[in-house]
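Presented below is the structure to which this report refers.
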Ligand code: PEP
């Protein structure tokens, strides 16, 4: 039974991607965040490892903190050892699921076509899909950024994507976990391009890649940025809380 069901997703969203970090002791950070933001006024989402989802749903019950998975299988159920379905994520308390993260595209060879299939599976379980895309350093240096993200967007968004069921996260691969961020002009250019290509102008468009408490306000001030997908800085409630505060005041 979903404890934190998907409401109509707010356009301003701060989503924390814990990746493969977090044993049960990490739940204290989720609790601290829930206590700090009982009603944040912007969307706040934590995407822990699937093993923590159900207990985190209990830890954040009654708060406005939503939960997301980090991936789902494209099939509804069946013989897929080690995989997790969208319905399982929803059953554990998730309202969202991250799809097509560059680490999954790189580590598991996920294609945009698979991401689109996973997005359809997410919708089937009434999850909002957070579709990630972004260029590598080599692609940017070769002047191919817009071509790459445009192709990823076209391939990864299943037909029927709307602001109610989909969020897009622009995450340059070279900015993830590196401490490097694009310039404001570079982010604005890609977000403007993605907005123009997006099937629904109301879709929330997040930036991700080395967002931290020190640069969040400047990133949220960039035209076209509706929020952030945050990796490392989402593991500590005090850091992620500062990012949420920056989004609230943007
Ligand atoms: C991510 O992996 O989605 C991400 C944005 O990571 P970080 O914030 O650590 O760069």
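Taken together, the values in this text are just the output of simple stated rules run on the coordinates, not laboratory data. If you're wondering where the values come from, they're calculated on a predicted model, not measured in any experiment. All Cβ positions, even for glycine, are placed from backbone atoms using ideal geometry, and neighbour counts span all protein chains on display.
If you average 1/r over every pair of different alpha-carbon atoms in the stretch 111-250 and take one over that average, what Kirkwood value in Å do you get?
For the stretch 111-250, the Kirkwood estimate is 15.3 Å.
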Item checked: Highest-fluctuation residue, 120, 144, 11 considered, GNM on the chain with Cα pairs under 10 Å -> 144
Check: What whole number of Å gives the distance from the Cα centroid of the stretch 60-115 to the Cα centroid of the stretch 159-222?
Finding: 20 Å
Check: To the nearest 0.05, how large is the calculated FRET efficiency for residue 249 and residue 164 if R₀ is 25 Å and r is the Cβ-Cβ distance?
Finding: 0.45
Next item on the list: Go ahead and estimate [θ] at 222 nm for the chain from helices alone: -39,500 (n - 2.57) per DSSP H run with n ≥ 4, summed, over the residue count, rounded to 500.
Entry: -11000 deg cm²/dmol
Note to self: Across the stretch 1-97, what fraction of all alpha-carbon pairs, as a whole percent, falls in each successive 10 Å bin from zero upward?
What the structure shows: 17, 52, 26, 5, 0
Checklist line | Taking the convex hull of Cα positions in the stretch 149-215, its mean projected area over all directions (nm²) | finding: 4.9 nm²
Check: Given springs between every Cα pair under 10 Å in a Gaussian network model of the chain, which of 56, 20, 88 has the largest fluctuation?
Finding: 20
Notebook entry, point to check: In Å, the Kirkwood hydrodynamic radius of the stretch 32-142 over pairs of distinct alpha carbons?
Noted result: 14.9 Å
Check: the chain: Rg/Rh from Cα coordinates, Kirkwood Rh?
Finding: 0.93
Next item on the list: With springs connecting C-alpha atoms under 10 Å apart, model the chain as a Gaussian network and identify which of 57, 137, 125 has the largest mean-square fluctuation.
Entry: 137
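Only Cα pairs under 8 Å and at least 6 apart count here; give the relative contact order of the chain as a rounded whole percent.
Contact order relative to length: 22 percent.
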